[in-house]
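Notes follow the structure.
The values are calculated or read from the model by the stated rules, or taken from the named source; none is laboratory data. These figures come from a predicted structure and were not determined experimentally. Ideal geometry is used to build each Cβ from the backbone, glycine not excepted, and the neighbour counts take in all protein chains shown. For accessibility, only protein heavy atoms count, side chains too; no ligands or nucleic acids. Shrake-Rupley method; radii C 1.70, N 1.55, O 1.52, S 1.80 Å.
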Amino acid sequence: CDLGLQTEVEVRTDLARARLIGPEFDVHGVFGSDEGRLVVDGLTDAAQGVLEAPEGLPEILVKRLGQLCRGMPKEFSGLEFGDLPDEAQQAVLEEWTARPSLPDTDEGRRLGVALDAFYAHAVAHGYDPEAEIPREA
């Protein structure tokens with residue numbers, strides 16, 4: 001029997017690697033959910049302590065985390081999610097993909113755990129760093 005069309009999938013091409021890749025990663029959809037907001041809250045909370053004294057942190061990661069923290073609202077409501085700093089979240093993901101070294105302090109380890117949770121959440125919801133187009137610093 002012909003069941004007809006079952007699904008449609010957006011497929012992009014990665015000509016540099018000669019492969020097909022899935023749809024573009026939707027950072028807003030991933031971090032706009034309740035679970036995603038908790039992950040972002042944990043990251044911004046951990047980043048606040050480290051950003052006060054950023055010695056030992058890579059300069060670009062300090063910049064990206066600062067952009068993310070400055071763009072996050074203090075209190076969340078359903079109406080604010082269209083304003084989440086998607087570009088800052090994407091930039092933090094891209095920087096953490098390279099796994100820069102963090103200070104060997106309590107704050108540095110706490111930030112590393114929060115960044116790992118942020119990254120793992122994104123990967124679990126479709127983030128593929130190999131499929132992303134590198135951005136200019």
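Overview of results
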quantity	calculated
Probe 1.4 Å, protein heavy atoms only - accessible area per residue of region 26-125 in square angstrom	53 Å²
Volume in Å³ per residue [convex hull over Cα atoms, computed for region 26-125]	86 Å³
Separation of the Asp116 and Arg17 label points, Cα + 7 Å toward Cβ, nm	2.4 nm
Accessible-area composition of region 26-125, carbon plus sulfur, in percent [1.4 Å probe]	51 percent
